1. I want to confirm something. Restricting to segment 116-145 and keeping residues that are over 14 Å from the mean Cα position of the chain (by Cα) and assigned to a helix (DSSP H, G or I), which single residue is surrounded by the most Cβ atoms within 10 Å (Cβ to Cβ)?
2. Return yes or no: is GLY362 assigned by TED's automatic domain parsing to the domain that holds HIS195 and at positive phi?
3. Using the structure shown, decide if TYR204 is aromatic (Phe, Trp, Tyr) and modelled with pLDDT under 95.
4. Mind counting the residues in segment 320-340 that are farther than 20 Å from ARG151 by Cβ, of a type in the set (Val, Ile, Thr) and assigned to a loop (DSSP other than H, G, I, E, B)?
5. All but one of (1) out of contact with any His (no Cβ under 6 Å at 6 or more places or on another chain); (2) part of a helix (DSSP H, G or I); (3) within 30 Å of ASP324 (Cα to Cα) hold for ILE396; state the number of the condition that does not hold.
6. Within segment 289-319, take every residue that is touching a Ser or Thr at 6+ places or on another chain (Cβ under 8 Å) and among the aromatic types (Phe, Trp, Tyr) and give me the one that is surrounded by the fewest Cβ atoms within 10 Å (Cβ to Cβ).
7. Under the condition of being touching a residue at least 12 places away in the same chain (Cβ under 8 Å) and of a type in the set (S, T, N, Q), which residue from segment 416-436 is nearest to VAL92 (Cα to Cα)?
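The values are calculated or read from the model by the stated rules, or taken from the named source; none is laboratory data. It should be emphasised that the depicted structure is a prediction, and the values quoted were computed from it without experimental measurement. Virtual Cβ from ideal backbone geometry, glycine too; neighbours counted across all protein chains shown.
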Amino acid sequence: MNDILGIRVEDKYKYERRVPLIPPHVHKLIQDYHLKVQVQSSPKRIFKDHEFAHAGAHIVETLEECPVIMGIKEIPIEVFEYGKTYMIFAHVIKGQPYNMPMLRRMMELKCSLIDYERITDEMGKRTIFFGRYAGLAGMINSLWSYGERLRELGVETPFLRIKQARHYDSLDEARWIISEVGQEILEHGLPDPIHPMVIGFTGYGNVSSGAQEIASLLPIKEITPEQLMELKNKPGLPKNVIYKVVFREWDMVEPIDPMASFELQDYYVNGEKKYRSQFEKYIPHLSILVNGMYWDERYPRIVTKDYLEELYSEKDPKLTVIGDITCDVNGSVECTHKGTEVGDPVFVYDPFSRKPTMGFKGKGILVMAVDILPTELPRESSVMFSEALWKYMNAITRADYSLDFYDLNLPAPIKRGMILHNGELTPDYTYISKFL
């Protein structure tokens, strides 16, 4: 029976600093369960090699002795080894084309794959995730982007005090600065060119909730989508208030059949076949759009390239920044042409040329679409993730993967997250074969 667990170095992104397990939890696995933990040496992790060594782990250059290997992001194809079990965010459940070669290679090598994204409870709710921290970092970055973009357009605002999330030593430091910005707005108000300021949020899960948590540090007043449509006609709106709107499915889409009514479960099943977006009517009234909802190709887009061209053909619109935290490439926000890097996080999308320019300059809408946002808050997000995960690791490490999938003795949430077992798609994921 295996008792060796490996934690791999993160090599997909330069700025990836998270860990799946923190040193205190590694120590508990070693002391309480007598596991052997090997940690691949890394100079950039938020928790350093010497911290893992102090916890009792062995710092190694390769994980060739480890039958079970865990990391955060996808793994280069050439790294996989025959018959091993890997735990990562695999990004394959939608048939993502860019990761199908990786999945094929794992199948060829008879590997097993456990995807954190699919570890769920009996109700299908995810139990291990970074979503809240994506929302927290995404909102910090959206406010920073808003200040920098407005300065580029000639408008000075209090948001210039806010930095990109990765430049703060802690989440508490970021909260403190944003609270001070909120106090300044409360006392002195917002400049006329951006008044009234409105932040729109899509979704109401962990991502959106995290973003709203940061926004709540500002002088926020929540209004409904219906009230948003009336806002421009109200005289004497206070300048020391920022308006917040949360959009749910029934706000964003409507039945194609004018005689039909919206039904949530029907929308989940039929999506774009029976529903169309009605989100465009809200866009001209928003200052910042924070996109934190789930989306796949079954559903209508909420921001299309065609609409942005139409919007900009009249005049420069109110909408200045899209914080696309969900970062579905060419997805719900169609102009998100790629996930951006932590070191180069924003671009300006030109609705007429339909081309992006990295940075804050240019004609069009600024998009912040960092696809590894939680790593901008690496310590706090790793602690939270590890707290949810570590209790499963003894069972995962010691499991006998030679058994048939149905006989495999794994905790139910982990088994639900198993995409591959010895190179074969497990029953819940056989649909992925059509993408291969």
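1. This residue is LEU143.
2. yes
3. So TYR204 passes the test.
4. 4
5. Tallying (1) out of contact with any His (no Cβ under 6 Å at 6 or more places or on another chain); (2) part of a helix (DSSP H, G or I); (3) within 30 Å of ASP324 (Cα to Cα), ILE396 fails exactly one: (3).
6. TYR294
7. Top of the filtered list is THR426.
For (1) closer than 26 Å to ARG132 by Cα; (2) exposed (fewer than 13 other Cβ atoms within 10 Å of the Cβ); (3) of a type outside the set (Phe, Trp, Tyr); (4) in the same structural domain as ARG301 (by TED's automatic domain parsing), each residue gets a yes or a no:
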position	(1), (2), (3), (4)
LYS232	no, yes, yes, yes
VAL246	yes, no, yes, yes
ASP257	no, yes, yes, yes
SER261	no, yes, yes, yes
GLN265	yes, yes, yes, yes
